Amino acid sequence: MKPLRKLSLFFLTLCLTAAALIPGAAAAGGPRLTVSSQEPASSQSIGFTGLPADCHSIQATFTLSADASCDFAPDSVLAGQPGVYTAFKQTGRAVTVYVTAKSGVLPTDGALTLGVLSSPDTLFTVEQASNLKLLTSDGEETTYPSVDTGSNGSGSSGGSGGSNSSGGNSGGVAWASANGIVTGYSNGSFGPDDTITREQMAAILYRYARYKGYDLSARTDLSGYTDAGQVSAYATDPMTWAVGSGLITGTSGTTLSPAGSATRAQAAVILARFCQNIVA
């Protein structure tokens, strides 16, 4: 069986179709989560775009990728506004942030940076925002159970697709890059024609599941595999989730082969499991 080539582009097409057909995504034009980076870091800036202009109170819960004990510091611009109150609480990997303007409104153009979550000794990402409650100045409350992830802030990593996108797939590449589902390499290239590895496929599925607001709580200990140490840092959480969710199994009883190429047969099985185990 030949290694699967251009799988990332094939899966991007699948994602575009699924985004249109599968319910549960935030409504078009609604609030979108913005984070400073989708790579693990000791601090992450969090905020939203697409907020109503008359919003004066926000409550949102952010799910972290790791058990990081976090502190929250409000954005300096937000903190500089008169009569703005901020608070937060953490329960496990869930951090709930509260922001209220005693007078006036919070966003001026629909975009608002809430502040920075930081952990002194643990690297983490913000996997998703949920239970977003917005209260307008006239007392109308709107709740979004899950929130799509928008483009990253200045801390964004990876290429943007660009001139090395592959032919008619450039639209899918641009969409996946903008939504943080497929990132580029550190040298700025996207590599759309590269053979995909098993850990890369796990990362793509993980990020797409996060984008759609699917359950990411499943985890498993990879230490039983002799090559667990070969899993790249960026793929550690995706692989523990993919194996824990039953999407990816070992290539043998003791090996994961994270850097091995995904074959066409393996890809078909993994995608079928994703639809059955995660989407269903």
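A compact table of results
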{"read-out": "Amide H within-cut-off set for residue 114, under 5 Å, with H built and near neighbours excluded", "value": "46, 47, 48"}
{"read-out": "Positive-end extreme of charge dipole, the range 32-149 - chosen from 94, 44, 33 (charges on Cβ)", "value": "94"}
{"read-out": "Alpha carbon centroid spacing (whole Å) that separates the range 36-69 from the range 80-140", "value": "7"}
{"read-out": "Highest average packing first - 37-48, 85-96, Cβ atoms within 10 Å", "value": "37-48, 85-96"}
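Read-outs throughout are calculated quantities, based only on the coordinates presented, and are distinct from any laboratory measurement. Only a predicted model underlies this, so the values are computations on that prediction, with no experimental measurement involved. All Cβ positions, glycine included, derive from the backbone under ideal geometry; neighbour counts span all protein chains shown.
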